[in-house]
Structure formats: structure tokens, C-alpha cells
1. Using a 1.4 angstrom probe on the protein heavy atoms only, line up C:Ser253, A:Ser91 by accessible area, largest first.
2. How far apart, in nanometres, would the label points at B:Ile259 and B:Met279 be if each is projected 7 angstrom from Cα along the Cα-to-Cβ direction?
3. How about segment C:266-321: which chymotrypsin sites (Phe, Trp or Tyr not before Pro) there lie in a loop by DSSP and see at most 14 other Cβ atoms within 10 Å?
4. Let me make sure I get this right: for segment C:267-381, a, b and c are the square roots of the gyration tensor eigenvalues over alpha carbons, sorted descending. Under 1.5 in a/c it's rounded, otherwise prolate if a/b > b/c, else oblate. Which is it?
5. 5 Å is the cut-off here: which amide hydrogens, built 1.01 Å from N in the peptide plane, fall below it relative to C:Gly351, excluding neighbours closer than 5 in sequence?
6. So for segment B:2-288, averaging the separation of alpha carbon pairs under 8 Å that are six or more residues apart and normalising by length, what relative contact order in percent results?
7. Which FRET efficiency, nearest 0.05, do A:Lys4 and C:Asn332 yield, Cβ-Cβ r, R0 60 Å?
8. log₁₀ I(q)/I(0) of segment C:149-276 at q = 0.12, 0.15, 0.16, 0.18 Å⁻¹, via Debye over equal Cα point scatterers, no solvent, to two decimals?
Amino acid sequence: MRNKGLLVLGLVLLALPWLLPNPFYTDLVIRMAINAVVVLALNLLMGFAGQISLGHAGFFGIGAYASAILPSQFGWHPMLALLAGAVITGSLAGVVARPIFKLKGNYLAMATLGLGIIISMVLRNEAQWTGGPDGMSVLPMSWAGFEISGDKTWYWIIAFILFASVWGALNLINSPFGRALQALHGSEVAAKVVGVDVVGYKVTVFVLSATVASIMGSISAHYVGFVTPNMADFFHSIELVTMVVMGGMASVFGSVVGAVLLTALPQALTAFEGWETVALGAVLMLCMVFLPKGVVPSLAAKLEKNKAVDDDGLA
Amino acid sequence: MHFSQFLQFLFSGLTVGSTYALAALGFTLIYNASQVINFAQGEFIMLGGMLAVYFSLQGWPLPVVMLLAIALPALVGILLEKLAIEPVKGAEPITLIIITIGASLVIRGLVQVFLGKGTFGLPPFSGDQPIEIGGATLLPQSLWVMGVTGLVVVALWFFFAKTLLGKAMLATSFNRMAAQMVGINVQWILLLSFAMSAALGALGGILITPITLTSYDVGVMLGLKGFVAAVLGGMGSGLGAVVGGLLVGVLEAFGAGYISSAYKDAMPFVLILFILFFMPRGLFGGQATDRV
Amino acid sequence: MLKKSIFSLTRCTVLALASLATLPTWAQQTIKIGSFLSVTGPAAYLGDPELKTLQMYIEKINKEGGLLGRPIELVFYDDGSEASKANSFAKRLIENDQVVAILGGTTTGATMAAIPLVEKAEIPFISLAGAVSIIEPVRKWVFKVPPTDRMAAERVFSDMKKRGISKVALLSETAGFGASGRKETLALTQKYGIELVADETFGPKDTDVTVQLTKIKSTPGLQAVFVFGAGQGPAVVMKNIQQLGIKVPVYQSHGVASEEFIKLAGSAAEGVRLPAAGLLVADKLPANDPQKKVVVDYTKAFNDQWKTDVSGFGGHAYDALYLYVGAVKRANSVDKDKVRLALESTKGFVGTAGVFNLSDKDHLGLDLSAFRMLEVKKGDWAFAD
């Protein structure tokens, strides 16, 4: 069954380049896909493992800036910089994870929030490395001597990454690892009783989702060609969380939908000249009030209900 | 020389810390009554300042201006509860957070459209001649900020400790079902908590505007720091909120003065990470037990 | 279960893309000029009058018959003072809206984010931002109209030298203009014999700088304070300076060249000196000043339409627009390369910021004479004596 979802995703990704009218749209789709992968990883942490992270953009930013600073200021190869960014992020996440997960609920949210903000402030202030609040430009990614640039090339690379990530996530969820995650979301104490290493899993998922965010941050840096501290700031973290919740917590395809919707939204809202903020806020509120479980699960539930009615004609 | 510098930092810290304290109290009030973290709290502070500016530009006298600039945000708070929180009772905490974020965007956006994107000031309540104390200067307005905050804290203490309504609110925060069973109208308590929280924030906003100016987007950072202060003091503790607010303000000023002015805004967050690692429930949070 | 997911996924994607496809398609006759400005966010102070000016004068040009007989259409996006948004909107202007030129980039950050795009697309871009790094090194397609931060520092330092000031405290904003201004200032100290006895920074949204000023106040030998920033930050700085009782002369940059600054700082602004365009003292300019007519007309038109005072920033938008219009008229075409060459050959163009003389090596065209040293006297701009 889940193969059908993958199939549709694959077909859509293959068909899009022919359907999109101009490079601006390709650019938009690429941004959507990048967000989708980050949201997927974040959803593993939030939806499946049930932990809140209000500072995930910080990890994204570390990857982005690693890819910006290391090649241009230290002459590293971009691929190496990407890996370095991932390692730095993973290590940071690993170090803070244990103390952070001693906290519960709002305190956890606060700690992740604080971490994200501190990261974005460091990026903003250390101007001689990072270019300060206005950011810096990024050298193109290269692989085996070829420079990777241009919408078309990036589209295929990122489409592939997205496809692979969705496939990976679906498999992960149906593996023992995934089941352990869901167990600890259901009840940490019960999971512990059954022998699940709760803290270990939480740390693993946190590090995993942070590392993915970092890698996508690097990719985004090379694609856009430019990094700014905004990539790591509080608003971006909230955007990511909103994508998770709107799309559907604990829903793989929900993550993709959430990313698509929220990436397209600001562009579509420019029609509201002057009222963009109000419109965005209104959309968020309406979505959460009427579809509190997120777009995909709510629609799925509605269709299930209709299906039940159809099947046996009874209400 | 050094002592006057220290004093100067202390004064700045206490002044802005009082605003954080009011914001933190607002967060705590709502959290206690409804378990919701209201990310729109900062916007109430902004509304207080912006509305005060708007009404005073109409030429109305200060007491009227202040009354309106506190009453209207309280109304907005009630609307927020009715339209956005009540319909989704029982939703996941993160959903509620996003709703309040959406609400903060709507409020901010509306102010931006109707009151403009500019920065505005208010005339200080009793002049702007700085007062010299020990080589440092203190604005009379700072005294207003700290003084009124102090009065408010005392009034709130009185409200919760001595009045029936206050005790009813406390009861609701301890155990909603039990409160309902003894006849407390929990719905009203909820509305009241939002209204009070908004009023507190708005008051803080009005008081601080003559010093720090206001604009449609001051709410974001103020709200965040108020949240930090609330968590620092222990989510749910009123005393913690006030102490947390003052502490955040003062440590922010000292950090900026003695360590690095560039990281001024980061100080509260570094502080909270530190404190949370050693005291996971905040300063006054107390022990928690989980039902299994 | 997943059938529904697929269905909703497809439906949502289609809906999202469809909503974007509703972006209207424009008629071929109009000349589409693109603009991204910071109308909201910390730089709204600058971006708002810029937008108002562009809208006002494009309407005027269209009423008088348009440019080369065709109406000008302004395609505009608000980047919210964020460089990353500026980047994506520049992309949208170039690739989706297919504009023939871009006038915009309120902040240095926004401008720098768009430069790689305009260079790649080979489209004329006239920036409204201050940093000298925008036109140095000279880039083929990038122009700018505001005087640079380096020019501001030079003007301030030469005035300080005249008054015998040599020990200066620098207080700069961490964002774009302030940061690049600081860099330029530091580089010029030797040339003018100035010693920076303090070097503090503040954030664009800071509401209190008493901490930084307390440190400055206690610096021995302090003779003047130089503030480099734009927007409401510098106004807060003035108020704090007044509160702390700092009595030495204070200089600002042209980032505060707006009535807003005086209004916000109130009595604290009295006596502040800054290098600014003749625009701010339009009525006080002598009759034979080459800029007199342009700035007086602009001031009146802006006041009449928007009922607010003029600022240097709106003036930059005027300069950019008419610089472009002049080039198009001389090239008699909107062909990008022809316009670019025409821009580079602009001589004697009288704008609000000064008289412009561009060349292929100078994509700004202003020299230090464009800056007048002004002082705030009795709550209004006046010539410093």
C-alpha cells in the first residue's frame, strides 16, 4: 500500500519539469522539496517520538554556514564541508540531547528554543566568519570535478533526495526502531518497562533529525548560493514546526504536503499586498482549528468515514 | 566609576526586567488556567503601547488613554480565547502553540495595516529629567515602570490570596475537574485569565513605551523573553514569573555590559539553558510527578 | 489509507501550484520595472518612503504619456528587511515577471543578495542602499544612487578635524549599513588622524543602548560620539545619550536622514550633526544651488500627496527612477545593454542626493560635494556652521 504513495510521488517528481512554466516555479518546487526532507526528519522527532523541537532551524543553519564558510574561507572541498557540517551538528545534538531530554514538555520546548536562538545569534554576530546579519555567498557544490549549478541539475538531485528520504522514512517507521519510537510516544514509562531504552532512542532520533536538517541546510546553501542568519532563526524553526503540524504529525506524506503548502503560501500571499501577515496568521489559525490533526490525517479520516458510509450504506 | 557603571546596568536591567515580569505573569496566568502557552502574549504588550500612542494622538487625556489601551487588549484576549482556544479544547499542545502563533501574526498584521509600520513614542508620565543616583542616571519613567509593576504584583497577590474569585482561579489551575464540581464556572475563569493576562501585558507596554519606543513588531522579542522569564521562574508560579522577569532583565544588562553587547539578546536564552540543566523545573517550579 | 494520502498529496500540490499560476499575465505594451523594497521590518523607515515615491512618480510619468510612449508598470514585492526574501523576490521578478530593470534593494543586505542574480540575468539594477561594497568592485549591471557609507565617514571625519576632535567613540548597528559603515570608518581613521577610543555595537531592534553608552561615557579623553546606523535604533541612541548626560558632540550618518528621526529622538536630537543631501534643507538652499528646483519640487509633491515629511530615502527612489528614465530616453529603448551603456554615460543628472556623473568605472556618480554637513537646530534640519 505504501508503495502506491511512493509511486505517485515518483511520478509527480518525474513529470514536474515538463509541467512547470518557468524557472521561478522550478525554484519554488526545489525549495519545497528541501523543506520536505527537513520536515520529514523533524516529524520523526515530533510526530513519532513525540518530542518538541522549537529550534530545529539552528541545525539547518549550522549546515548551511559550514558549507559557506569552510570552502570560501578555508578552501575545503564543498562535499567535505557538508560532511563536516553534519558531523558538527550531530555532535552538538548528541551532547545537548541527554541533558535536554531530562526536561519535559514546555521546558523541553524552551530549551530547544533557546538553543536555536543562540545558534542564530552566533551566526548573526560573528561577522568576520559569517558575514554578519547580511550573510555571505556560497561557492557552488562540486562533485568529481563537475560544478553543480542551475535549476535543472539541482532539481533532479533534490528530487532524488526527497524520494529516497520518503522511502527511508516509511521503512524506518515499520522497523523495530520505528515501533520503539511509537512506543515511547505512547507512554514512556510503559516503554521503559518493556525494555525500550527510552533515553537512547530519544537521543538517536534527535541526532538523526538534526543531522538531516544540517545536510539539507548545506544543500540549500549551495543551491541558493547565499546564506543569511535568518535560515537559523526562530521564525524558520516555527515554520518547520508548522509544516509538521499542518501536514500531519506522524504522517510521512503529511510532511511533504505540509512543506509544499507552507513554502507556497508566502508566495501566494503576495497577492494580499499589505495584508500578508494577517492572511498567514488567519490561515494558520483556521487550519489548526478545523484540521487539528493536520491536513493529511484529517482528510484521510474524513475519507475513511465516507468510505464506511459507502461500504454498507449505514451512517 | 565602576560602582556607578554597575548601578547604571542595574537600573536598565530592573526597568526592562519589570516589563518582562509583567509579560511572564501573563504567560503564567494563562498557563495555569488552561495549560496553553500563549505565544501571542508579546503582542498584548505591543498593543498596549501602540494603542496608547494612537489614542494620545487623538488628543485624549492620559487616564482615558491608559484605560482604553488596557481594556481593548483585554477584549482581544477574550476574543482569542473564545475564537481560537475554546474550539480546539483538548488538542495537542503543539497545535495550541501554533494557533497562538497564528493569532500573534493576525494581531501584528492588523496593527501594521491600521496603525502603520512606523516607530512611535509616548511622552514620559512625569518629565524626562534624569535623576542622578550614585553616579548613574535613572529616568523618572523607570520609576513609574518599576513602581506600577510592584503595585500590580501586590494587587495580584491580594487578589489570589484574599478574594473569592482569585481563589477560584487558583482552584481551577490545581484541578479543573474538582473546581467544576464545587461549582466554579471554569469557562468564565478561562476568559478572565486571558483578559487579565492581556491587560497585564498591555500595561507593561504602555509603561515602557516612553523609554523604548514602540512599533508593530516589538511584541516578538518581548514575548519570547517573557516566556523565558516564566519558564525560568517555573511555569505556573506567579512569584517565579516576577523573579524570573527581573532576573532576566538584570542579567541581560550585566551580560551586555560586562561580557558582550552584541550578545545582549542571547543572554536570557543562555541563562535559561544553564538553569534548566541544573533545575529542570525552573527556580520555583517544585517537584513534579507523572501519572503513569 | 495511503490512497487518501496520495489523493490529498496530489490535490494539494495541484492547488498550491494553481494558486501560483493565478499570478496575472501582463500586457506586452507596458514597461515592467521590478522592485523589491523593505516596506516592513526594521528597515521599513527607509523602504516605505521609497515605495511611496516610486508609486507617485510612476503615476506622474504615466499621466504625462509614459516612457517612450508606453506606460510603466511597477512590479513590487516587500522583502520584510530580510536578505533571503530579497533573493527569492529578485528571482521572481527576473524569471517570472520578466521585468526589464530592477530599482530596489532598500538595505545593503537585500542588495547583495540580489547582485548575483542580476549579474547572471544581465539586467540593469539600481540599488537604493548605502554600502560602498555594492559598486566596489564595479559590477557590470549594478548601479546605486545613495552616497556611500565611506563618503559619510569621510565627511564626518573632515568636519571633526576642523573642530579639533580626534578621540572618537564609534557606536554602530550590527546590520548591513551599520556594519559596513563601521568597516569604512575603521579604514579611514589613519587618513584623518582620528583615534577610536571605543567601538561598541547595537542591534537593529534594540530598544536600549544605555549599557553600551555607559561604557562609552566612562572612556577617558572622549571628544565625540559617531553613530552609524539607520532606522529607529539611532533615535533610541540619542535618547539614551540624553538620559546619561553625555555632553560631547554627536555625529550620525545619513542613515537617519528623515524627519522621523527628529520626531522620535525629540529634544535629544538637538545639536546632532550629520552629512546629508540638500533635500533635507530644500527651503534653505540658496536660489542658485543646482539642486534647488529638483529638491523643492520633490518636497512639495511628496508632502502634498502623502502628508508626511520627506526623507533622504524617498529621495533615493526618485533619483533611481529618473536616472533610469533618463537613460532609457537617451538610449531610445529598454534594451538592457543599451540602457546599461546609457546609464554609464549619464552626466550632470540633478537628483535629490546631488548631481550625478557616472562612468563605466563609477556606478554611483556622486562625490563628496553631494553631502552637506547639517545640524539639528530647534527640531529642524539646518546647515552646520
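1. Numbers: C:Ser253 0, A:Ser91 60 Å².
Final ranking, largest accessible area leading: A:Ser91, C:Ser253.
2. 1.8 nm
3. Numbers: sites: C:Tyr298, C:Phe302, C:Trp306, C:Phe313, C:Tyr318; in loops: none.
When the chymotrypsin sites (Phe, Trp or Tyr not before Pro) of segment C:266-321 are filtered for loop state and at most 14 Cβ neighbours within 10 Å, nothing remains.
4. Working: a/c = 2.52, a/b = 1.87, b/c = 1.34.
The shape class here is prolate.
5. The answer is C:Phe356.
6. Relative contact order for segment B:2-288 comes out at 38 percent.
7. Values: r = 60 Å, r/R0 = 1.01.
Given R0 = 60 Å and the Cβ-Cβ separation, E is 0.50.
8. Debye intensities relative to I(0), on a log10 scale: -0.37, -0.59, -0.68, -0.88.
The values are calculated or read from the model by the stated rules, or taken from the named source; none is laboratory data. Since we're looking at a predicted model, the values are computed, not measured. Quick reminder, even Gly has a Cβ in these numbers, built from the backbone with ideal geometry, and neighbours come from all protein chains shown. Accessible surface areas use protein heavy atoms only, side chains included; no ligands, DNA or RNA. Shrake-Rupley method; radii C 1.70, N 1.55, O 1.52, S 1.80 Å.
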